[in-house]
Amino acid sequence: MIRFSSLETMEYAGHVRGVIITGGAAPPAAVVATWLADAALVVAADSGLHTAVGYGIRPELVVGDFDSIVDDALLNGYADQQIRRFPRAKDHTDTEIALRVAREEGCDDLVLIGGGGGRADHFLALVTLFERPDPPRAWVSDTAVVSAIVDSTTEYGSIGERISFAPLGCIPCRMTTRGLRWPLDGLTWGRGDIGISNEFAEREIHVAMRSGQLLMVRTLEAQ
């Protein structure tokens with residue numbers, strides 16, 4: 001059983017968590033429950049409403065162009081101010097809009113749920129969110145938890161569990177690590193580099209950035 005780090009449970013003084021449930025393949029309900037525990041706001045992005053209903057969750061807000069909602073009856077019972085409709089011809093994805101709306105509602109600790117499988121361009125759009133100045137804290141798909149390491153992180157897991165890393169942005173990445181099968185100390189990574197399928201050599205690992213930022217991917221296969 002994977003036990004994740006403080007990503008999902010750490011309390012940040014003065015920060016407000018918002019959870020965005022988007023369309024696409026989503027993780028098991030047991031995984032989602034932990035991330036929802038401290039959520040002040042849940043926003044469904046378009047067909048993410050189907051996923052939320054499957055979890056037994058009623059989001060406070062539903063946003064998007066609604067081109068992917070199969071049954072409009074799902075919107076019954078929502079007040080007008082809880083539904084934010086946008087045109088299909090727009091410059092931002094429904095997920096981007098949901099993130100913006102959550103920020104406008106006062107949330108600054110954002111977690112994405114869903115978005116697995118489906119179109120490759122949608123997948124890339126979600127990954128690029130972590131290269132922006134105000135990235136989500138984590139993206140939890142059906143297969144993995146993706147997050148950015150800006151300063152440092154401590155992760156907990158099983159010995160032999162796979163974990164992967166890739167540079168974010170254009171600043172060279174230099175880091176120190178502890179507890180990995182293949183340490184990253186002394187490496188300098190730039191765009192195009194990646195470390196696939198590293199492993200936990202200990203039950204606790206630590207990664208600290210000396211420069212740049214890393215994208216971290218942990219699989220959910222052991223959940």
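Condition check: over 17 Å from residue 116 (Cα atoms) and surrounded by 14 or more Cβ atoms within 10 Å (Cβ to Cβ). Does residue 39 satisfy that?
On the way: over 17 Å from residue 116 (Cα atoms): yes; surrounded by 14 or more Cβ atoms within 10 Å (Cβ to Cβ): yes.
Here the answer is yes, as residue 39 does meet what is asked.
The residues in region 110-130 that are at pLDDT 90 or above and not hydrophobic (A, V, I, L, M, F, W, C) can be counted, and the count is 1.
No other residue among 164, 158 is touching a residue at least 12 places away in the same chain (Cβ under 8 Å) and not in a strand (DSSP E or B) apart from 158.
Candidates 40, 30, 52: the one that is part of a strand (DSSP E or B) and out of contact with any helix residue (DSSP H, G or I) (no Cβ under 6 Å at 6 or more places or on another chain) is 40.
Every residue, every condition in (1) of a type in the set (A, V, I, L, M); (2) in the same structural domain as residue 176 (by TED's automatic domain parsing); (3) surrounded by 22 or more Cβ atoms within 10 Å (Cβ to Cβ), yes or no:
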site: 69; (1), (2), (3): yes, no, no
site: 74; (1), (2), (3): yes, no, no
site: 102; (1), (2), (3): yes, no, yes
site: 120; (1), (2), (3): yes, no, no
site: 128; (1), (2), (3): no, no, no
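Condition first: touching a residue at least 60 places away in the same chain (Cβ under 8 Å), surrounded by fewer than 21 Cβ atoms within 10 Å (Cβ to Cβ) and within 19 Å of residue 94 (Cβ to Cβ). Now tell me which residues in region 131-145 satisfy that. The answer is 142, and nothing else.
The values are calculated or read from the model by the stated rules, or taken from the named source; none is laboratory data. As the structure is a computational prediction, the values presented were derived from the model and not from experiment. We place every Cβ from the backbone using ideal geometry, glycine too, and count neighbours over all the protein chains shown.
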